Amino acid sequence: MGCNAHSTHRKFIVTLLDINSLYLDIHQPILRGVSLQIKKGEAHGLVGESGAGKTMVGKCVLGLLPEHAKVTHGFINFDGRELLEITTAQWRDLLGRDITLIPQNPMTALNPVKRIEPQITDVLQLHLGMSESAARQRAVALLNDVHIRDVDRVLRQFPHELSGGMR
């Protein structure tokens, strides 16, 4: 049986994030049997009551668990990589480039004692390997993309000097 121009091609859907039967303890059980899948191209939100474990699921995925936290069962696979088994260097390559956290309250995302420019450029340099000048150019472009006026002034400011919308 040959293939012709009219044959139907099946599009394979690839799982980007697969959490299966995740259990987490911090002196007591915190998460019990959490499972979810996100396919490439999908967008999801994790919702639930305060204290339900949303933040801890996110911290498991980001590798940012508290000191005494321990995953006791399950796995977290991201784009073919088992996150519970990767090295610190591999985390550094993933965070900010492939996986990131968008906090519930953006006002707490910025360091209050650090000017805006290094808060943007440091991430670009660390995770994307940009030079200092390329990172600054990209920071300027990003602020222009969201219609921030007087970008040079904004980059020199501290978070408290910006409006809530700008933060």
Worksheet item: Any residue at all in the stretch 95-104 that is touching a helix residue (DSSP H, G or I) at 6+ places or on another chain (Cβ under 9 Å) and part of a helix (DSSP H, G or I)?
Response: no
Worksheet item: Of the residues that make up the stretch 24-33, is at least one over 17 Å from the mean Cα position of the chain (by Cα), surrounded by fewer than 12 Cβ atoms within 10 Å (Cβ to Cβ) and assigned to a loop (DSSP other than H, G, I, E, B)?
Response: yes
Worksheet item: In the stretch 53-78, what residues are open to solvent by 60 Å² or more (accessible area, probe 1.4 Å) and either touching a residue at least 60 places away in the same chain (Cβ under 8 Å) or outside any helix (DSSP H, G or I) (or both)?
Response: L64, E67, H68, K70, T72, H73, F75
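Out of curiosity, is Q90 within 22 Å of F78 (Cβ to Cβ), open to solvent by 80 Å² or more (accessible area, probe 1.4 Å) and either touching a strand residue (DSSP E or B) at 6+ places or on another chain (Cβ under 9 Å) or among the polar types (S, T, N, Q) (or both)?
On the way: within 22 Å of F78 (Cβ to Cβ): yes; open to solvent by 80 Å² or more (accessible area, probe 1.4 Å): yes; either touching a strand residue (DSSP E or B) at 6+ places or on another chain (Cβ under 9 Å) or among the polar types (S, T, N, Q) (or both): yes.
Against the criterion (within 22 Å of F78 (Cβ to Cβ), open to solvent by 80 Å² or more (accessible area, probe 1.4 Å) and either touching a strand residue (DSSP E or B) at 6+ places or on another chain (Cβ under 9 Å) or among the polar types (S, T, N, Q) (or both)), Q90 qualifies.
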Worksheet item: Failed condition for M107, given (1) open to solvent by 50 Å² or more (accessible area, probe 1.4 Å); (2) touching a strand residue (DSSP E or B) at 6+ places or on another chain (Cβ under 7 Å); (3) at pLDDT below 85; (4) not polar (S, T, N, Q), with all others met?
Response: (2)
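Out of all the residues in the stretch 133-142, which are at pLDDT 95 or above and surrounded by 11 or more Cβ atoms within 10 Å (Cβ to Cβ)? Please lay out each step first, then the result.
Residues of the stretch 133-142 at pLDDT 95 or above: 133-141.
A134, A135, R136, Q137, R138, A139, V140, listed by residue number.
The values are calculated or read from the model by the stated rules, or taken from the named source; none is laboratory data. Keep in mind the model is a prediction, meaning the values are calculated, not measured. Because the Cβ atoms are built from the backbone with ideal geometry, glycine has one as well, and the counts that use them run over all protein chains shown. Accessible surface is based on the protein model in full, side chains and every heavy atom, while ligands, DNA and RNA are left aside. Shrake-Rupley method; radii C 1.70, N 1.55, O 1.52, S 1.80 Å.
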